[in-house]
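Written below as structure tokens is the structure these notes are about.
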Amino acid sequence: MQAMMLKALGGPLEWSELADRAPGPGEIRVRVAACGVCRTDLHVVDGELPGPTLPIIPGHEIVGRIDAIGPGVETLRMEQRVGIPWLGHTCGVCPYCIGGQENLCDRPLFTGYTRDGGFATAAIADARYAFALGEVGGDVALAPLLCAGLIGWRSLVIAGAGKKLGLYGFGAAAHIVAQVARWQRRSVFAFTRPGDAATQAFARRLGATWAGGSEELPPEPLDAAIIYATVGDLVPLALKAVRKGGRVVCAGIHMSDIPGFPYRLLWEERQLVSVANLTRQDGLDFLRLAPEIGIVTQTTRYGLQQANQALADLRAGRFEGAAVLVP
């Protein structure tokens, strides 16, 4: 197998040829057809997340077909198309797992962070955390659904049922969530980098009622806001934008420090909450609905050996939607 591997934090990914790996008990091996490039991959590469396994193959939006099955796997079959998400393994016995909060497991493994991911021609995965994808849709189009879509879905559910929804940072997750929210007959208000007319126009093409810079107030108070950008300064701005009793959801796994702000922004029962990881039920719920919604992902393709360029382009905001590596 070939892979783009991170050997030193902050360094470039290195092209590596590795011995083929066999799945162990409860595992499958997937022949990777496409793997999305997520902002969390940047956090891993930059050393902004604690305790990564090194060396590591990044990538956690994997679409591929099963080409080897380990002992004890009975729910999946050879050549079946599956998706492999960020949450790659949980212990099943800690209080969070037992209590239905496996996204908060005390001893998890994360794809592309603490177990090898999909910037490769093949990947090993825990069969319990592989989602059957069926045959509708192309591999590249489906890849962003495995994180941008799943975390977007979880954050949308946590945001509540309000009809006026603000999205701060209009990248891979927001461009999917906007389509879900419009299908749910909500009004979407898109917030971008100041002066980013191209992204604002992109948001309007996806049905946003309004699009403007992140420092602007929307034309009417929001019921809820979701922050996808990793910028802590957006939290007070979002609190200003939501109505009394409104909710602000921080959807990233990493965010710069939130600055101090006056209590009056939080008062009147506004809520500030975070999203952590996902559950398998999130995946089942979202992936069952995605074909009905008719989500169209905006993707930019890169070859596997172009992974460093894809990461650089993501960092600089050089594309709309999501980047996807195709081995």
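The values are calculated or read from the model by the stated rules, or taken from the named source; none is laboratory data. Treat the numbers as computed from the prediction; the structure is a model and nothing was measured. As a convention, Cβ positions derive from the backbone with ideal geometry for all residues, glycine included, and neighbour counts pool all protein chains shown. When the accessible area is computed, the model is the full protein with side chains, heavy atoms only, and any ligands, DNA or RNA have been set aside. Shrake-Rupley method; radii C 1.70, N 1.55, O 1.52, S 1.80 Å.
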Suppose we look only past 33 Å in the calculated P(r) of the chain. What percent of the Cα-Cα pairs does that tail hold?
23
Residues residue 46 and residue 276, FRET efficiency given R0 of 22 Å [Cβ-Cβ distance, rounded to 0.05]:
0.65
Using 1/(1 + (r/R0)^6) with R0 = 30 angstrom and r between the beta carbons of residue 269 and residue 93, what's the FRET efficiency to the nearest 0.05?
0.20
Quick calc, the chain, dipole around Cα centre from Cβ unit charges on Lys, Arg (+) and Asp, Glu (-), nearest 20 debye, gives 820
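Based on Cβ point charges of +1 for Lys and Arg and -1 for Asp and Glu, what charge dipole magnitude is obtained for the stretch 248-327 about its Cα centre, in debye rounded to the nearest 20? Before the final figure, lay out the partial values.
On the way: 7 positive and 8 negative charges, 44 e Å.
Magnitude of the dipole: close to 220 debye.
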Alpha-carbon centroids, the stretch 96-164 and the stretch 194-222: separation in whole Å
28
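Count the lysine pairs in the chain that are 8 or more places apart or on different chains: how many have C-alpha atoms under 21 angstrom apart?
4
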Mind grabbing the accessible area of residue 274 for me, 1.4 Å probe, Å², rounded to tens?
80
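Rounded, prolate or oblate: pick one for the stretch 40-180, where a ≥ b ≥ c are the square roots of the eigenvalues of its C-alpha gyration tensor, a/c under 1.5 means rounded, and failing that, prolate if a/b is larger than b/c, else oblate. Provide the component values of the computation, followed by the final result.
On the way: a/c = 1.40, a/b = 1.25, b/c = 1.12.
Cα axes put the stretch 40-180 in the rounded bin.
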What spacing in nm lies between the two simple spin-label points modelled at residue 161 and residue 132, each 7 Å away from Cα in the Cβ direction?
3.1
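Ignoring ligands, DNA and RNA, what percent of the accessible area of the chain is carbon or sulfur (1.4 Å)? It would help to have the intermediate numbers written out before the result.
On the way: 7220 of 13850 Å².
Roughly 52 percent, rounded to a whole number.
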Exposed loop sites here are trypsin sites (Lys or Arg not before Pro) in DSSP loop states with at most 13 other C-beta atoms within 10 Å. What is the longest stretch of the chain lacking them?
186-317
Only helices counted: for the chain, with every DSSP H run of 4 or more residues adding -39500 (n - 2.57) and the sum spread over all residues, [θ] at 222 nm is -7000 deg cm²/dmol
As I understand it, the dipole of the chain uses +1 on the Cβ of Lys and Arg and -1 on the Cβ of Asp and Glu, about the Cα centre. Which of 267, 175, 71 lies farthest toward its positive end?
267
For the stretch 1-119, with only Lys/Arg (+1) and Asp/Glu (-1) charged at the beta-carbon, what is the dipole magnitude about the Cα centre, in debye rounded to 20?
180
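Accessible area per residue of the stretch 91-211 at 1.4 Å probe, in Å²?
Working: 4530 Å² over 121 residues.
On a per-residue basis, the stretch 91-211 sits at 37 Å².
Which of rounded, prolate or oblate describes the stretch 1-41 when judged by the alpha-carbon gyration tensor and an a/c cut-off of 1.5?
Prolate.
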Please work out the FRET efficiency for the pair residue 217 and residue 74, using the Cβ-Cβ distance as r and a Förster radius of 56 Å; give the result to the nearest 0.05.
0.55
